[in-house]
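Scroll down for the structure; my scribbles are underneath it.
The values are calculated or read from the model by the stated rules, or taken from the named source; none is laboratory data. Quick caveat: nothing in here was measured; it's all calculated off a predicted structure. For neighbour counting, all protein chains shown are included, and Cβ atoms are generated from backbone atoms with ideal geometry for every residue, glycine included.
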Amino acid sequence: MSRDDLASFREGALAAIPVCVGFFAITVAFGIAAHATGLPAGEVLLMSAVVFAAPAQFPAIELLPLSGQAVQILLSTLFINFRFAVMSFALVPHLKRLRTGGLMVGAQLVTMSTFAVSFLRFQRRSDHDNFIYFLGVAIPSYACYLLGTVVGYHFGVRIPAGFDEGISLIFPAYLTALLAAELRERRSIVVVGVAFLATPVVETLVPGWGLILNALVVATAAIGVEAWWESALPSS
């Protein structure tokens, strides 16, 4: 690796410090929650290493102890992580000189945070060192993600009985805060409110499938209503 490449990697690593802090905190909570479900340490670490997406991992550990939930876990993980395909498509034009093997490695390291940090830099300055910069962001973030999982799992051995119930609320609260920050339009608030109220009803009617079915139905209905509304408006 040349001196310029090292400088680009270092630049990415410095930009990734806030991401590392956030990843460590979230995966500590994940490790504690995973320990509370009784999953072995090796399986928990393997899940973090392969999935590398806390929004998909938290629902999975809730379903894993239950029998017959494999299909639900696979589908929910697929739907939740589908956003990474869109992010990857956005990054590819900035990685034109990269071979297929490098793209496959990079794809595993794409998260909402590593994408955002890298993409913003590429928008400001896109150069031949883009992939090195991306690795500078992604590799430390990935390491902190795994470290947080290990720390959380082993800390989970020592927490008082019943404390794990409170830990299980950390990630939903985190997602709620992120969602609330993005809800600026009235129709978005309505869609989220309908989904929130409908989920327990659908889950009661179709146990194990409520979250997935409700997300599909509400999202599809919202898109349909928006398209109908826009087509009904008089053209200017």
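If you take the residues in segment 1-45 that are outside any helix (DSSP H, G or I) and among the small types (Gly, Ala, Ser), which one is nearest to Phe58 (Cα to Cα)? Full working, then the answer.
Quick first cut of segment 1-45, residues outside any helix (DSSP H, G or I) only: 1-2, 16, 37-40.
With the extra rule that they be among the small types (Gly, Ala, Ser), the set shrinks to 2, 16, 38.
On the way: Ser2: 40, Ala16: 23, Gly38: 14 Å.
It comes out as Gly38.
Could you list, ordered by first residue, the pairs with Cβ atoms under 6 Å in which the first is in segment 124-148 and within 24 Å of Phe30 (Cβ to Cβ) and of a type in the set (S, T, N, Q) and the second is modelled with pLDDT under 95 and not in a helix (DSSP H, G or I), at least 6 apart or interchain?
Ser141/Ala16
Condition check: over 21 Å from Phe134 (Cβ atoms), modelled with pLDDT of 85 or more, among the acidic types (Asp, Glu) and surrounded by fewer than 20 Cβ atoms within 10 Å (Cβ to Cβ). Does Glu62 satisfy that?
Working: over 21 Å from Phe134 (Cβ atoms): yes; modelled with pLDDT of 85 or more: no; among the acidic types (Asp, Glu): yes; surrounded by fewer than 20 Cβ atoms within 10 Å (Cβ to Cβ): yes.
No, not satisfied.
So how many residues does segment 123-145 have that are part of a helix (DSSP H, G or I) and surrounded by fewer than 18 Cβ atoms within 10 Å (Cβ to Cβ)? Let's see the steps before the verdict.
First, pick out the residues of segment 123-145 that are part of a helix (DSSP H, G or I): 123-124, 130-145.
Subset that is surrounded by fewer than 18 Cβ atoms within 10 Å (Cβ to Cβ): 123-124, 139, 143.
So the count comes out to 4.
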